[in-house]
1. At 7 Å along Cα-to-Cβ for each site, give me the label-to-label distance between S18 and V47 in nm.
2. List the residues, sorted by chain then number, that are 5 or more residues from V41 or on another chain and whose placed amide H is less than 5 Å from its amide H.
3. Restrict the search to the stretch 50-97; then list the chymotrypsin sites (Phe, Trp or Tyr not before Pro) that DSSP places in a loop and that have at most 14 other Cβ atoms within 10 Å of their Cβ.
4. For Q25 and K74, FRET efficiency with R0 = 25 Å and r from the beta-carbon atoms, rounded to 0.05?
5. Under the Karplus relation 6.51 cos²θ - 1.76 cosθ + 1.60, θ = phi - 60°, what is the ordered set of whole-Hz ³J(HN,Hα) values for the stretch 58-63, x standing for Gly and Pro?
Amino acid sequence: MKKLLLVGAFAMLSSACSIKSHYIQSNAQTYPSTNISEIKVYASSEVLENYTVIGSVVSFVQGGGEHAITELKKEAAVIGADAIIALKLDKLNSFSQATEASGIAVKVNL
């Protein structure tokens, strides 16, 4: 019974964990923050023709892909991205389900 309580406590504590970050390229221009609802996400880097790379974004969350993408968009919005290209999702099924999302944050040139 004691082991079951410890496992339950660990599951509750680890379920709230999420890590997200961004890495701005050294020569990238700075942009004002954008609205996450307007950020488009593409699996390919060849979808957009005219864009400027701002940097990379990554999120690691407990849960599924939709949650990981939402956190990824939040990070991209902070650095002023209009889109995320080259999206990669990795599901980690161990003790608790976790998902890592990463991509390239870009500013679309009109």
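Taken together, the values in this text are just the output of simple stated rules run on the coordinates, not laboratory data. Bear in mind the structure is a predicted one, so any value in this text is a computation, not a measurement. Using ideal geometry, Cβ is built from the backbone for each residue, glycine included, and neighbour counts are taken over all protein chains shown.
1. If labels sit at S18 and V47, their model points lie 2.0 nm apart.
2. Amide H to amide H, under 5 Å and 5 or more residues apart or across chains, V41 pairs with I84.
3. F95
4. According to the calculation, E is roughly 0.80.
5. Each residue of the stretch 58-63 in turn: 8, 9, 10, 10, 7, x Hz.
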